[in-house]
Amino acid sequence: MTRSLFGTDGVRGRTNSFPMTAELAMKLGAAAGRYFRRDKHEHRVVIGKDTRLSGYMLENALTAGFTSTGMDVLLLGPMPTPAIGYLTHSMRADVGVMISASHNPAYDNGIKFFGPNGFKLSDEAEIEIERILNDGVTLAAPENIGRAKRIDDALGRYVEYAKTTFPNKLRLDGLRVVLDCANGAAYKAAPAVLWELGAEVVPVGVNPNGRNINAGCGSTDTAAAAAKVRETRANLGICLDGDADRVIILDENGIPADGDQIMALIASIWKRDGTLMGDTLVATVMSNLGLEKYLAGQGIALERTAVGDRYVVEKMREKGFNLGGEQSGHIVMTDYATTGDGLIAALQFLRAMVESGKKASDLARVFEPVPQILRNVRFSDGQTPLDSDCVQQAIADGEKSLNGDGRLLIRKSGTEPLIRVMGEATDQALLDKVITSICDAVETAC
């Protein structure tokens with residue numbers, strides 16, 4: 001059996017359309033509840049969410065599903081995705097759930113599961129949950145149904161933990177930080193952490209209304225934060241996405257540094273300090289070739305995985321590495337977190353600033369990227385543009401044109417109905433031509 005509901009990061013889609021309906025969420029909760037109820041001890045699940053209006057609907061539906069199989073539900077409210085990983089393990093829960101579509105627009109939503117160790121579920125576990133859902137769930141006897149309660153201090157627990165990842169001897173006094181929380185899950189937690197560590201926080205995207213998550217703000221749209229950095233003469237900007245598992249850093253001029261640059265900085269510092277396990281960084285096939293060349297010069301190996309932070313984490317756990325991530329800003333540091341944590345990654349950057357006394361611009365451009373283009377082509381349900389002969393021919397022609405002096409990666413998104421067309425080459429004009437030709441072919445096939 002293969003996965004049909006689960007993508008690269010849980011179940012995701014447009015709200016009130018399959019699979020993001022209340023009915024499916026209730027069934028999914030029941031199936032996951034049955035999967036994790038394997039003995040006679042009390043079972044519990046923690047559920048967090050971002051700030052989308054549909055989070056209330058899905059939270060209630062999941063609660064009904066879990067309690068129907070005898071699971072006790074602990075409701076945490078708006079909470080960053082990495083906080084759910086941390087609290088699932090800290091609170092000795094059998095399973096954790098995050099209701100979020102991450103960087104997607106407000107009309108989308110998603111459901112991500114974490115196992116009792118705080119890590120996202122394996123493909124095998126997701127396949128088994130789907131099988132249980134499809135076969136029908138055995139419900140608990142009336143006297144064995146679960147109960148639900150809200151945990152009021154969950155946010156404070158994560159705030160305190162996040163601060164422990166920043167060296168005790170250091171403070172952020174004198175630093176003015178523009179912090180863009182994307183009107184999302186970290187709108188309370190992230191400002192609290194930075195303020196308590198001594199920073200002057202200039203908040204952006206901290207007024208969620210259920211519909212404005214990721215809208216003109218956050219890690220996928222840094223223009224507003226960049227303008228605020230320049231306006232307030234801030235030392236840097238930190239841009240999180242809707243569920244705060246991604247981060248983009250802005251220097252004092254408002255110029256962004258992506259996940260590749262942040263990973264390069266952290267890897268070089270950890271290598272210097274002897275804390276980079278295996279002298280290796282794990283990244284996906286999307287990371288820039290310039291990162292690979294820079295790391296090689298530092299004596300650091302780069303291991304690549306398929307796209308998706310879960311695959312990065314799987315490789316890290318398999319081989320004992322402690323640093324990995326994605327160009328998009330997922331930075332995974334298993335010494336501190338079980339998944340990407342934008343806030344904790346930002347604290348690593350701030351640590352480098354405080355310890356070195358350097359400006360953000362001196363730290364945010366660690367290597368010179370090879371020219372790279374990433375374009376997204378949207379398609380409708382039921383279409384399979386990558387199966388088209390004209391698309392395959394365009395890809396083959398592109399590979400031939402690059403002639404080994406670059407690379408192409410064309411794939412279907414695991415979270416949205418998009419074909420992602422990425423290419424790298426030292427010749428910018430040639431790269432433009434190749435990527436345009438492939439995108440035109442995909443659009444024709446759609």
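The values are calculated or read from the model by the stated rules, or taken from the named source; none is laboratory data. In this text the structure is predicted, and so the values were computed from the model without any measurement. Note: ideal-geometry Cβ built from the backbone for every residue, glycine included; neighbour counts use all protein chains shown. Note: accessible area is taken over every heavy atom of the protein model, side chains too, but ligands, DNA and RNA are not part of it. Shrake-Rupley method; radii C 1.70, N 1.55, O 1.52, S 1.80 Å.
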- Task: Work out, step by step, the length gained on full extension between residue 92 and residue 443: first 0.36 nm times the residue separation, then minus their alpha carbon distance; give nm to one decimal.
- Result: 121.5 nm
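Suppose every Lys and Arg Cβ carries +1 and every Asp and Glu Cβ carries -1, with no other charges. What dipole size does segment 70-202 come out with about its Cα centre, to the nearest 20 debye?
540 debye
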- Going by accessible area, probe 1.4 Å, with all protein chains left in place, what is the ranking of 169, 315, largest first? 169, 315
- Mind checking which of 216, 115, 404 has the largest fluctuation in a GNM of the chain, springs on alpha carbons under 10 Å? 404
- Query: Quick one: accessible area per residue over segment 176-291, 1.4 Å probe, rounded to a whole number of Å²?
  - Reply: 33 Å²
- Can you list the lysines whose alpha carbon sits under 27 Å from that of residue 433, skipping same-chain ones fewer than 8 residues off? 293, 400, 412
- Item | With every protein chain in place, segment 355-412: carbon and sulfur % of accessible area (1.4 Å) | 43 percent
- What residue among 146, 380, 122 has its Cα farthest toward the positive end of the dipole of the chain, where the charges are +1 on Lys, Arg and -1 on Asp, Glu, each on the Cβ? 146
- Query: What residue among 356, 219, 328 has the largest mean-square fluctuation in a Gaussian network model of the chain, using Cα springs under 10 Å?
  - Reply: 356
- Note on the structure: Among [x] 125; [y] 203; [z] 143, the value of volume of the Cα convex hull per residue in Å³ computed for this structure carries the label [z]
- Can you list the lysines whose alpha carbon is less than 21 Å from that of residue 319, not counting same-chain residues fewer than 8 positions off? 120, 271
- Task: In debye, nearest 20, what is the charge dipole magnitude of segment 18-85 about its Cα centre with +1 on Lys and Arg Cβ and -1 on Asp and Glu Cβ, if you could check?
- Result: 180 debye
- Two-site FRET efficiency, residue 122 against residue 56, from Cβ-Cβ distance with R₀ of 51 Å, rounded to 0.05: 0.95
- Task: Name the most mobile residue of 181, 217, 390, meaning the one with the largest mean-square fluctuation, in a Gaussian network model of the chain with Cα contacts below 10 Å.
- Result: 390
- Task: Find the centroid of the Cα atoms in segment 224-268 and in segment 394-446, then give the distance between the two in whole Å.
- Result: 28 Å
- How far apart, in nm, are the 7 Å Cα→Cβ label points at residue 173 and residue 374? 3.9 nm
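Which FRET efficiency value, to the nearest 0.05, is calculated for residue 389 and residue 211 with the Förster distance at 56 angstrom and r the Cβ-Cβ distance?
0.85
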- Message: As a test question: what accessible area, to the nearest 10 Å², does residue 330 have when a 1.4 Å probe is rolled over all protein chains in place?
- Response: 10 Å²
- Message: Can you compute the helix-only [θ] at 222 nm over the chain? Use -39500 (n - 2.57) per DSSP H run of at least 4 residues, normalise by all residues, nearest 500 deg cm²/dmol.
- Response: -11500 deg cm²/dmol
- Counting Lys and Arg as +1 and Asp and Glu as -1, each charge on the Cβ, what is the dipole of the chain about the Cα centre in debye, to the nearest 20? 900 debye
- Item | FRET E, pair residue 272, residue 304, Förster distance 35 Å, beta-carbon r, rounded to 0.05 | 0.90
- Antiparallel bridge percentage (DSSP; both residues within segment 249-404; nearest 5): 40 percent
- Task: Compute the separation of the alpha-carbon centres of segment 163-186 and segment 82-161 and state it in Å as a whole number.
- Result: 27 Å
- Heads up, segment 175-268 by the C-alpha gyration tensor (a ≥ b ≥ c square roots of eigenvalues; a/c under 1.5 rounded, else a/b over b/c prolate, else oblate) looks rounded
- Stretched out fully, how many nm does the piece from residue 399 to residue 365 gain, at 0.36 nm a residue minus the Cα gap? 9.3 nm
- Query: Along the charge dipole of segment 79-188, which of 134, 170, 95 sits closest to the positive end, that is, farthest toward it, with unit charges on the beta carbon of Lys, Arg, Asp and Glu (+1, +1, -1, -1)?
  - Reply: 170
- Task: Work through the residues other than residue 275 whose Cβ is under 15 Å from its Cβ and net out their charges, Lys, Arg +1 and Asp, Glu -1.
- Result: -1
